[in-house]
Structure formats: C-alpha cells, structure tokens
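One structure is given below, encoded as structure tokens.
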Amino acid sequence: QVPLVESGGGLVQAGGSLRLSCAASRRTFSSYYMGWFRQAPGKEREFVAAITVRGGSTYYADSVKGRFTISTDNAKNTVYLQMNSLKPEDTAVYYCAGKDAAGLSKISRYYDSWGQGTRVTVSS
C-alpha cells in the first residue's frame with residue numbers, strides 16, 4: 001500500500017497563492033475521481049474540488065470557484081490544487097483523496113483513499 005502524499009502547504013498572506021501537490025500510487029491514481037477536501041479547526045471536513053482523472057472534468061465548491069484550480073499530471077500520478085486570492089477563511093488542513101466510483105464526488109465518506117494532509121494558513 002502506497003499512501004497519498006500531499007505537499008505545498010504553508011503560511012501566506014491574504015491575496016497570496018499556493019499550489020498543493022498530491023502524489024499517488026498508480027493504482028490510486030486510476031480512481032475515477034481525485035479530490036481535495038479541507039478541515040478547519042472546530043469544523044467538519046468539507047469538499048473543495050474534484051477532477052475525473054481520465055476525462056479532466058472539474059468540480060468546485062462555491063466558496064472556491066474562480067479562485068482555485070484542480071488539475072492532474074497523469075504521467076506523474078499527481079493531482080494539484082492551485083489556490084489564488086487566498087482568504088483567511090481558507091485556513092485549514094487540506095487532504096487529497098481518491099474515489100473509485102462515479103457520482104457523489106463531493107461527499108467525503110465515499111472516497112476510498114486519503115492522504116495525511118498539508119496545512120494551509122492564510123493571515124489577514
């Protein structure tokens with residue numbers, strides 16, 4: 001079993017940018033969806049973005065649409081989350097995940113594989 005490995009988190013000022021990366025095993029990257037979720041202190045884990053690995057269709061939470069972009073590099077078995085115009089409310093631990101089946105891409109409990117998370121802190 002090869003875990004998903006996230007990187008790219010850090011501390012940025014409001015309005016800044018970060019790019020998160022998630023390196024997956026070839027088997028995990030064969031999931032129908034790869035997604036990003038986040039969890040802020042005292043809050044439940046929430047959907048951020050998802051992408052169909054083979055087709056490249058993307059889906060975003062309303063709170064990040066227009067600011068975040070999810071993408072994949074299939075040759076590297078890697079999914080990215082480009083985060084622009086960051087706000088303090090984006091502060092959270094960000095997790096990447098894989099989902100084998102189509103449908104319900106925004107529901108975390110239907111994802112099959114998870115990384116350990118990378119922390120993003122946005123200062124005001």
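The values are calculated or read from the model by the stated rules, or taken from the named source; none is laboratory data. The model shown is predicted, which means the values in this text are computed figures rather than measured ones. Glycine also receives a Cβ, built like all others from the backbone with ideal geometry; neighbour counts cover every protein chain displayed. SASA here: full protein model, heavy atoms, side chains in, ligands and nucleic acids out. Shrake-Rupley method; radii C 1.70, N 1.55, O 1.52, S 1.80 Å.
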Quick one: S31 ticks every box in (1) of a type in the set (S, T, N, Q); (2) in contact (Cβ under 8 Å) with a residue 40 or more places away in the chain; (3) over 18 Å from T118 (Cα atoms); (4) surrounded by fewer than 13 Cβ atoms within 10 Å (Cβ to Cβ) except a single one, so which number is it?
(4)
Restrict the check to region 85-92 and report whether at least one residue is assigned to a strand (DSSP E or B) and under 15 Å from the mean Cα position of the chain (by Cα).
yes
Output the residue which, of all residues in region 108-124 that are open to solvent by less than 60 Å² (accessible area, probe 1.4 Å) and more than 13 Å from the chain's Cα centre (by Cα), is nearest to F37 (Cα to Cα).
T121
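When the residues of region 10-20 are narrowed to those that are more than 15 Å from the chain's Cα centre (by Cα) and of a type outside the set (S, T, N, Q), which ends up most open to solvent (accessible area, probe 1.4 Å)? Spell out how you get there, then give the answer.
Step one: of region 10-20, the residues more than 15 Å from the chain's Cα centre (by Cα) are 11-16.
Cutting the leftovers down to of a type outside the set (S, T, N, Q) gives us 11-12, 14-16.
Values: L11: 128, V12: 22, A14: 54, G15: 56, G16: 21 Å².
Filtering region 10-20 for residues that are more than 15 Å from the chain's Cα centre (by Cα) and of a type outside the set (S, T, N, Q), the one most open to solvent (accessible area, probe 1.4 Å) comes out as L11.
Scan A61, A23, A92, A49 and give me the residue that is in contact with a helix residue (DSSP H, G or I) (Cβ under 8 Å, 6 or more places away or on another chain) and either surrounded by fewer than 18 Cβ atoms within 10 Å (Cβ to Cβ) or in contact (Cβ under 8 Å) with a residue 12 or more places away in the chain (or both).
Matching residue, one of A61, A23, A92, A49: A23.
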